[in-house]
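The structure under discussion appears below in the form of structure tokens.
The values are calculated or read from the model by the stated rules, or taken from the named source; none is laboratory data. Note that the structure is a prediction, hence the values are computed from the model and not measured. Heads up, the Cβs are rebuilt from the backbone with ideal geometry, glycines too, and the neighbour counts pull from every protein chain shown. Accessible surface areas use protein heavy atoms only, side chains included; no ligands, DNA or RNA. Shrake-Rupley method; radii C 1.70, N 1.55, O 1.52, S 1.80 Å.
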Amino acid sequence: QVQVVESGGGLVQPGDSLRLSCVVSTHIFSSYNMGWYREAPGKQRELVAGITASSRTKFADSVKGRFTISRDNAKNTVYLQMNSLKPEDTAVYYCNGFPMIILSWGQGTQVTVSS
């Protein structure tokens, strides 16, 4: 079974940056379109950013200009660089297929933005 492991979250102040990582245990990672999702308390899980196998990207309006997504196929890893973090970015962040959910959800990584 393909495993997904997210990491890199933490407690930061508004305006700080974080880089999240997601490692996917599959030998065909390079063919996957991957996305980062987040779930805030009391809200539905939403797509934050996606990257295709050919590295085309897509972002939610709420993070455009602040977040970037990238991938390293040699490491089976997709990254989410988050800059200028805001309190409303507080959530558990997950990665999965994009735009379709194709993997079992990992445990996620908590991001808390608070002064």
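Quick notes
- Just one of the listed residues (Gly106, Gly97) is over 21 Å from Gly10 (Cβ atoms), open to solvent by less than 70 Å² (accessible area, probe 1.4 Å) and either touching a helix residue (DSSP H, G or I) at 6+ places or on another chain (Cβ under 7 Å) or touching a residue at least 24 places away in the same chain (Cβ under 8 Å) (or both), and it is Gly97.
- Here Leu85 passes the criteria (1) surrounded by 15 or more Cβ atoms within 10 Å (Cβ to Cβ); (2) in a strand (DSSP E or B) except the one numbered (2).
- Criterion (polar (S, T, N, Q) and either touching a helix residue (DSSP H, G or I) at 6+ places or on another chain (Cβ under 9 Å) or free of Cβ contacts under 8 Å to residues at least 40 places away in the same chain (or both)) met by exactly one of Ser84, Ser25, Ser55: Ser55
- Some residue of the stretch 10-21 being in contact with a strand residue (DSSP E or B) (Cβ under 9 Å, 6 or more places away or on another chain), outside any loop (DSSP other than H, G, I, E, B), under 18 Å from Ser104 (Cβ atoms) and open to solvent by 60 Å² or more (accessible area, probe 1.4 Å): no
- Within the stretch 28-52, being in a strand (DSSP E or B) and in contact (Cβ under 8 Å) with a residue 24 or more places away in the chain holds for Met34, Gly35, Trp36, Tyr37, Arg38, Glu39, Leu47, Val48, Ala49, Gly50, Ile51.
- Residues satisfying the stated conditions in the stretch 45-56, i.e. among the hydroxyl-bearing types (Ser, Thr, Tyr) and either exposed (fewer than 15 other Cβ atoms within 10 Å of the Cβ) or more than 14 Å from the chain's Cα centre (by Cα) (or both): Ser54, Ser55
- Within the set Arg66, Arg71, the sole residue that is over 17 Å from Val4 (Cα atoms) and open to solvent by less than 70 Å² (accessible area, probe 1.4 Å) turns out to be Arg66.
- Residues in the stretch 74-111 that are among the hydroxyl-bearing types (Ser, Thr, Tyr) and either over 15 Å from Ser7 (Cβ atoms) or touching an Asp or Glu at 6+ places or on another chain (Cβ under 7 Å) (or both): Ser84, Thr90, Tyr93, Tyr94, Ser104, Thr109.
- The stretch 67-78 residues that are over 18 Å from Val111 (Cβ atoms) and modelled with pLDDT of 95 or more, paired with ones that are open to solvent by 50 Å² or more (accessible area, probe 1.4 Å) and part of a strand (DSSP E or B) (beta carbon under 6 Å, 6 or more apart): Asn76/Val23
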